Amino acid sequence: MTRYVLSRVGQAVLVLWAAWTISFFVLYVLPSDPARIMLGPDATDVSAAQLDALRHRYGLDQPVVVQYGQHLVALLSGDLGRSIGSGRPIAEVIGEAVGPTAQIAAVGLLLAVVFGGGLAVLATWTRNRALGQFLLQLPPVGVAVPGFWFALLLVQWFSFGLHLFPAFGGEGPASVVLPAVTLALPTGATIAQLLSKSLVQTLREPYVDTAYAKGAGRWRVHLRHALRNAALPALTVTGLIVGQLFSGTVVTETVFSRPGLGRVTATAVQGQDIPVVQGIVLLAAAVFVVANLVVDLVYPLLDPRVVLAGSRRRLRAQAGGDDGPDGTRTPDDTVAPTTTPKGVPA
């Protein structure tokens, strides 16, 4: 188990380094002049000597590889640099924007899990075939609906029509509702689509019939036995779901005029503020990595075969029996899946 955890942590660190490195070289080959961006659009009478002095001051006249090394050393010491446009520390700029974004993202994720999971469970539990088929058709529709269009509908209905929630701004708990619902729609639809398909397949497994034969009720079998195994595919794509929430904040915060990382990202891209964009890319990669790392650490708790399979492969490799004479895996190396999950009496 320790080796499993260390390998996942090492992979997480490698992904962070790769994301930051790729973003650095991609952004620095863009046809833009950071020195002119620092001076602003109104600085039209700046001489070439002044521009050269500004580039030298910030090390922009050095080769890209040298700049990469300097920025990497600074990053390892906790310094993300300064914004080209405002001159403020990037950690300060991002720190101010994280709070409002985290609010709508957390509420949106909660709504997505509750309603997406509830829809999948209800669609596969009901005995009404027509109702079940109707509910199973809703997730693809939710995924296909454009986020900005849905956000405008919510504003029209609940802000201008019913006057229940504010249409713009980020003051008070009421301002979180509509942006969170906007983020929850595609995320909840994704969860419902994955979980419903997995539940349909899981309910056909032999251990479900065994549980029924031993007297377990429908809710017990559905929620305690089938849902636990069916949740694994949905859990696997948690990183994608978190990334979907993060990317959705750009549109959501723009439509609802909310402060947050989405608006900071849009402003930095428009102003070609490369250090700020890099900081946001690093933060997004960190959120993605942490989400996947948590999934990797929780997965063995739900399915111990993940660790057991790796341990058996290592033992056979050390014994020299991992591969057969023809290069194929030996029959006893495969881990037979258990047909009865935890919670069902043997």
Quiz item: Do the conditions hold for Leu109, that is, is it surrounded by fewer than 12 Cβ atoms within 10 Å (Cβ to Cβ) and modelled with pLDDT of 80 or more?
Solution: no
Quiz prompt | Exclusive hit being within 22 Å of Val15 (Cα to Cα) and surrounded by 19 or more Cβ atoms within 10 Å (Cβ to Cβ), set Leu240, Leu199, Leu261, Leu195 | solution = Leu261
Self-check item: Condition check for Ile104: assigned by TED's automatic domain parsing to the domain that holds Thr187 and within 30 Å of Ala74 (Cβ to Cβ)
Solution: no
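The values are calculated or read from the model by the stated rules, or taken from the named source; none is laboratory data. As the structure is a prediction and not an experimental result, all values here were calculated from the model. Positions of Cβ are backbone-derived with ideal geometry, glycine not excepted, and every protein chain shown enters the neighbour counts.
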